[in-house]
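The values are calculated or read from the model by the stated rules, or taken from the named source; none is laboratory data. Everything numeric here is computed off the predicted structure, so don't read it as measured data. Cβ placement follows ideal geometry from the backbone for every residue including glycine, while neighbour counts extend to all protein chains displayed.
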Amino acid sequence: MEQKSIFSVISPIMVGPSSSHTAGAVRLGLMARNIYKNTFSKVKFILYNSFATTGFGHGTDKGLLAGLLGYMVDDSLIKDIFNIVQDIDYSYEYVQDISRYPNSVDIIIDDRMKISGDSVGAGEIRITNINGFTVNIRGNYDALLLMYKDRPGMLSEVADIIQKQNINIATLQCGRDSKGGIASMCIELDIPAGDDIVEYIKSFKDVFFVTNVRKLK
């Protein structure tokens, strides 16, 4: 686990029993919801290592589903989520893999998007991969996420739009599967980009996915 201050250790206010296995699971689900945004009818959770072995007793399975459905970490309904959810096909798989973080999960939504993340302790999380692209989204900032066909100038075009809106960039991460292949860009911002920015970037040549990712509360 990552080192935390005493303030992190005693937070968040949550439905227990575990900050890492319960609250962290809810927050991973919430962040996946923020990324995917669309309504969904099917989800598969692949739980790794400690999540797989002790998650059932700590409510990790319930927390992940509840977060994906929009429930907050302190909502008492999390414990009854299996009795509440309707019209959602959900399933779980449990895996041991030493290459993955101890509290790790893959969330596969509608067989369209795979979001991987870790619960790092005290309710804190990080999203590490989206559809095969490495990211590092912790939910502390609003972010702008793009996927596109790799070409010269894309970064400067997007950065120019953000600059013209007087929005400061906190972090920036880019990746691609190959030169001229599929690329990703994740820009964390001090204030959220407006929906008008998202719609404008959608009109860019070779962009096939762009969304605002709201920070966690």
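The table below gives the values:
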| item | result |
| --- | --- |
| Condition met for residue 77 (of a type in the set (A, V, I, L, M, F, W, C), without any contact (Cβ under 8 Å) to a residue 12 or more places away in the chain and either farther than 30 Å from residue 170 by Cα or in the same structural domain as residue 185 (by TED's automatic domain parsing) (or both)) | yes |
| Residues that are farther than 22 Å from residue 72 by Cα and of a type in the set (Val, Ile, Thr), drawn from the range 94-138 | 95, 98, 130, 134, 135 |
| Residue within the range 67-77 that is among the polar types (S, T, N, Q) and surrounded by 14 or more Cβ atoms within 10 Å (Cβ to Cβ) present | no |
| Filtered residues of the range 78-94 (kept if in a strand (DSSP E or B) and buried (at least 19 other Cβ atoms within 10 Å of the Cβ)) | none |
| Residue match in the range 179-198 (condition: modelled with pLDDT under 95, within 30 Å of residue 88 (Cα to Cα) and hydrophobic (A, V, I, L, M, F, W, C)) | yes |
| The range 11-39 residues that are modelled with pLDDT under 60, paired with ones that are part of a helix (DSSP H, G or I) and among the charged types (D, E, K, R) (beta carbon under 7 Å, 6 or more apart) | 15/79 |
| For residue 87: the one exception among (1) more than 24 Å from residue 175 (Cα to Cα); (2) modelled with pLDDT under 95; (3) in contact with a helix residue (DSSP H, G or I) (Cβ under 8 Å, 6 or more places away or on another chain) | (3) |
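Yes/no per residue for (1) touching a Phe, Trp or Tyr at 6+ places or on another chain (Cβ under 6 Å); (2) at pLDDT below 95:
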{"site": "66", "(1), (2)": "no, no"}
{"site": "74", "(1), (2)": "no, yes"}
{"site": "79", "(1), (2)": "no, yes"}
{"site": "97", "(1), (2)": "yes, no"}
{"site": "115", "(1), (2)": "no, no"}
{"site": "118", "(1), (2)": "yes, no"}
{"site": "122", "(1), (2)": "no, yes"}
{"site": "132", "(1), (2)": "no, yes"}
{"site": "138", "(1), (2)": "no, yes"}
